[in-house]
Structures are given as C-alpha cells and as structure tokens.
Amino acid sequence: MSINRENELYLTADVLVIGGGPAAAWAAWAAASQSASVIVADKGFLGTSGAAAASGNGIMAPSPENWNTVLWERYQAGQTLANLRWIERVIEKTWLSLPLVEDWGYRFPQENGQSVRQSYYGPEYMRILRKTLLRAGVQILDQSPALELLLANDGSVAGARGVQRQQHRAYTVRAGAVVLANGGCAFLSKVLGCNTNTGDGMLMAAEVGGELSSMEASSHYAISTAFNATVTRGVPFGWATYTDEAGHNLGGYVNGRRDPSFLPNALLKGQVYAQLDRATPEVKAVIEKSHFIAFLPYKKAEIDPYTERVPVTLLLEGTVRGTGGIRIVDESCATTVPGLYAAGDAASREFLAGLGSGGGGPNAAWAISTGQWAGEGAAAFAKSLGTHAHERVARPAGQAGLRSHSSTAEPFDSDAIVRGVQDEVFPLEKNYFRSEQGLQTSLNQLETLWQQVQGTAKQETVRDIEFSRRAAALTAVARWAYFSALHRQETRSGHIRVDYPETDPHQRYYLATGGLDQLWVRRDWISEAVATPQTVFAGARS
C-alpha cells in the first residue's frame, strides 16, 4: 500500500529511545524513572524483535566475591585496549539491576533457595521488560522504524522521523534527547534475530556529526549448520569432531579448546563437517537445556548430531558480536552530539572488549548497564532544556537513501545495493583475512555503491522508504569498517591483517572514524597504564 502523506503522526516526549532490545528497554525504563516522558520507536515489536528475544543468553553478573576475577579476565580478553573502570562499572551495575528483573516478575533458576542470575530466557525476559515499560507509562511505537534524526539550529538533537508500517504513514517525534539503542550491524546475514540490526543508528549518528569508534572490530563470524543457516550458538560445537568431505579428521583444537582460526582456514579449502560425538551424556543434558535452540535445525531435518556428520559454515555477525559502534564520550553514554546518547550494541563496546567480542554475557551486561546510564543521561539533558525544548527550530538530517540533492541523480535498486555490500563483507577471504590490497579493492566497490545511494530512491510505500534507507546504512557501515581496518596495521583480537600478522604493542589506541562522503580516521591514544593482576586484586574497586 502507498504511504499516506496527509496522515503523519506528530508526538512529543522528553526522551525518545530508538530500538527494541534490552538496551532500549532499560534506557526507556531509566528515563521514565527520572520522571521523564518517554517514547520508544522500534523497527519490530518490542519484546520479540532483535537478537536477545530470539533465544537464551548468559549475563556477565558474577557475585561480588568474584568481581575482581571476572574483571581481570575481561581486561585480558581486551588485549590492553579494554578499560578497567568501565568493566567494573558494568559488572556492578548489572549485578545490582538483576534483582529488579525478578521483582518485575522474571523467575531465575533456584539453587539452595537462592536465585541464580547468570542467564536469561530471551522471550520471557523481553516480555517482562515490555510489561514493565507499559506500567511505567512509556509509549511504545511498534513496527515504526526510525529513519533520521532531527537536528536543532544549536547543533543538538531534537527528535527523529520515521515510518509506521501498519498505518502506512510517516511519524515525527520531537524530543529533548534521543537514545540510539537500535543494535549493531549483521549485514542481513540471516543470523537469528539480527535482521533488524542493519546499522541504522550509526548512519543517523554520523549525519548529525557523531563519531564511530573501533569499527575495524566488525568481522566477527559465528558457526552454524550449513543447512537452515541461521542459529549461531557455538557452545555445542565445542564437543564436535571436524572432518572434511572424505571423512578425514581435521583437528581444530588447541589445548582442548576449539581454535577460533581453524574453521575460517578450513572452509577456504572445502566443505567442513561436524559431529558432536565428543559430548558425554552429562554434557548433552546441559547443552540441550541451555542451548536448546541450537538443536532445532537438527530436529527439523531429523538429524542426530551426535552420530551423524553435518555440514557447517560461518555467518557474519559484524558488529553485533563485534565491538565497533557509536563513540561514547562520558559515563552517561553521551556522544559527541549534544542530546544524543548511545547504548547496547549501537554503541562501541571497546571499553568492555577492546577489539575482541563481547558476545553473550558481556554484551548482555553492557545492554543492561549502558541502557540505564544513557536513559538517565538523556532525561537529565532533556530537563536542562526547560519547558521549551520542543519549540527548537529543527531540520531532518537524513540524506542517503532518503533524499537526493542532485537534479541529475539516477534511481537506485535497494536490493541490488544490499547484494553489492554483501559481496564485499560476507566472503572470509575479504573480511576475515584482511590485507591492504583486499581492503582497498572492497572500498573502491563500496564507494561506487555509496555514490549510487545518493541517487533517487523509490518512495511509494513505507517499505520502499525503509529499504532504501537500510541499503544506505549497510553501505555506510561497511565503508567505515573497512576504512578503519585499512588504517590499523596489525592483527589484534578479531581484527586480522594477513599482511601485518603480529600484534603491535605500540598501537594502543582506539580508531575513531566518521564522515559521509569523505571518510576520516583519528587515533585516540589510551593514556591509562597497562594493568596487572596486582592492580586488580590489590583493590581496584573504588
């Protein structure tokens, strides 16, 4: 159906939260708890859309006696780029927040009469969060993808515009502050729950002058069955034997643990098969209970993964399990743009994970904590504007995929743009095994795509508008990711440069990036000394 341009919805709020996962829900709740009026705009249905709602997930929430141990483990995983203070804040905030979830109605498992708050069942967790928001008076706009921010004359963010699929109309929300919590970017790779994660927030932030950071940490792939390739739960594959087409054992383990570099190398040589024959009966019981969704493809195909070989592949999860995202500049998760905040996977998680993956428990804790800090920060900023916040003169800031500034611009095919981006970011030989020549070649192709999305987009329906904007966002994220990767000339954590295979201890900085037509990078050097176990266990907590 065509879009009804005469029936646009206009709303006002103190805080607008864009997104529908845990980070967005926590941000909305935190802002409402500060007596702010709050609207949430979600691309899907808050409670069922996004990666968290699709399955179970661990939470990095150790009991206080284990805080320093987990703190040190997280810091080590970040290879000197993680930040002790931020890891500590996340651990503490998450631990203090989980009893709230229980108070709201979620039932954690019990051991010896005590709640074990180490994981959650995604569908139930998100259902509880939605009910809590509605009780708090938060207005939720479902099926309402936000497409662009509103920028006030003083350079602050003043709300956003988007479309509502079911009403076939546009909407505008004028707000004192905005929280971007609409996830990372998995490039429509069909990873379960991630097709709403298309980098929209990163593009919107950059259009108003925001910065990105650690975008080179955007090449995270996860194992999946090659048939029905969508579920990327890697834990069960820790008990697999890997073989080639002829049935030869390929190994794939280092000191008893699955080697993360094994599968990418093996898949370049041919099809790889996995059989979970190393799992004991005790292990089977645990993994089938805690990762039950990983076994659904087997059940649908009537395959016994313990006795039969199955083909496996790797799916790109991009920045969802990677690290790159919108750069945050203080403990309230503010960005470089006044009135704009970022939380969850939309924000860079470099302070928590360096260039490694925070996938699973760390990212779940990051969503809980940064969501609250961003919501509180946004509420405070909105209140500081006084009663005339919605009277600020503001303009829509969206560009590529929304409006063309050239009378000679050519129409573009959104689906073709998406396929072009995927051709550059999906192949392991381009994105996992990076080199200067390969990155530059892909950047040249992405630059051509970027020029195309400056053209005229089909905008007859709400889907047309959403998909043209999505194509622009995917292109933008791929360009930032590869441009940053080109400028980090070392291998560190998830960023692999085959032409610079060693980690350079002198490259201890974050790479900030941004720009639309003209990309840029900047080294943000880390001034804190490299931590030691003595630093942590001698009383790092303040």
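The values are calculated or read from the model by the stated rules, or taken from the named source; none is laboratory data. Predicted, not measured: the structure shown is a model, and the values here were computed from it. We place every Cβ from the backbone using ideal geometry, glycine too, and count neighbours over all the protein chains shown. When the accessible area is computed, the model is the full protein with side chains, heavy atoms only, and any ligands, DNA or RNA have been set aside. Shrake-Rupley method; radii C 1.70, N 1.55, O 1.52, S 1.80 Å.
Would you work out if the range 4-45 is rounded, prolate or oblate? Take a ≥ b ≥ c from the square roots of the eigenvalues of the alpha-carbon gyration tensor; rounded if a/c is under 1.5, else prolate when a/b is larger than b/c, oblate otherwise. Verdict is oblate for the range 4-45. When shorter helices are ignored and each DSSP H run of at least 4 residues is given -39500 (n - 2.57), the per-residue value for the chain at 222 nm works out to -10000 deg cm²/dmol.
Sequence-ordered 3J(HN,Hα) estimates for the range 175-180 from the Karplus curve with 6.51, -1.76 and 1.60 and θ = phi - 60° stand at 9, x, 7, 10, 10, 8 Hz, glycine and proline given as x. When only the Cβ of Lys, Arg, Asp and Glu is charged (+1, +1, -1, -1), the dipole of the range 173-310 relative to its Cα centre reaches about 260 debye.
Suppose each label sits 7 Å from its Cα in the direction of the beta carbon; what would the Arg107-Asn255 distance come out to in nanometres? According to this spin-label approximation, the distance is 4.1 nm.
Here the average projected area of the convex hull drawn through the C-alpha atoms of the range 103-176 stands at 7.6 nm². Each Cα pair under 8 Å and six or more residues apart adds its sequence gap; the mean of these over the residue count of the chain is a relative contact order of 22 percent.
Among the listed pairs Lys93/Lys383; Lys43/Lys284; Lys131/Lys458, those with a Cα-Cα distance over 27 Å are Lys43/Lys284; Lys131/Lys458. Between Thr336 and Gln445, the simple spin-label model (points 7 angstrom out along Cα→Cβ) gives 2.9 nm.
Most tightly packed first, judged by the mean number of other beta-carbon atoms within 10 Å of their residues, the peptides 224-232, 288-296 read 224-232, 288-296. Taking amide H as placed 1.01 Å from N in the peptide plane, Gly50 has its amide H under 5 Å from the amide H of Thr196, each at least 5 places away in sequence or on another chain.
Annotation: for a label point projected 7 angstrom from Cα along Cα→Cβ of Lys300, residues of the range 220-244 with backbone N closer than 20 Å are 222-237. Across all directions, the average projected area of the convex hull around the alpha carbons of the range 404-542 is 12.0 nm². When both bridge partners sit in the chain, DSSP labels roughly 70% of those beta bridges antiparallel.
Net charge dipole, the chain: roughly 680 debye, given to the nearest 20, about the Cα centre with Cβ charges of +1 for Lys and Arg and -1 for Asp and Glu.
Couplings 3J(HN,Hα) of the range 412-417, computed from phi: 10, 9, 4, 5, 5, 4 Hz, in residue order, whole Hz [Karplus 6.51 cos²θ - 1.76 cosθ + 1.60, θ = phi - 60°; x for Gly and Pro]. Surface listing: Tyr171, Tyr221, Tyr121 arranged by accessible area from highest to lowest gives Tyr121, Tyr221, Tyr171, probe 1.4 Å.
Dipole orientation for the chain: of the candidates Asn255, Ser468, Ala30, Ala30 has the Cα lying most toward the positive pole (charges on Cβ; Lys, Arg +1; Asp, Glu -1).
Packing order of peptides 441-452, 208-219, highest average first: 208-219, 441-452 (average count of other Cβ atoms within 10 Å over each peptide's residues).
Applying the Kirkwood pairwise sum to the alpha-carbon positions of the range 1-117 produces a hydrodynamic radius of 17.4 angstrom. With the highest mean first, a sort of the peptides 338-347, 325-334, 409-418 on other beta-carbon atoms found within 10 angstrom per residue produces 338-347, 325-334, 409-418.
Could you work out Rg/(2.2 N^0.38 Å) for the chain, with Rg from alpha carbons only? This ratio for the chain stands at 0.94.
Karplus-derived 3J(HN,Hα) values for the range 240-256, using 6.51 cos²θ - 1.76 cosθ + 1.60 with θ = phi - 60°, are 9, 9, 9, 9, 8, 4, 7, x, 6, 5, 9, x, x, 10, 10, 6, x Hz; glycine and proline are entered as x.
Ignoring any ligand, DNA or RNA, what whole percent of the accessible area of the chain comes from carbon and sulfur when the probe is 1.4 angstrom? Percent of accessible area from carbon and sulfur atoms in the chain: 50. Computed over the Cα atoms of the range 248-301, pair by distinct pair, the Kirkwood hydrodynamic radius stands at 13.2 angstrom.
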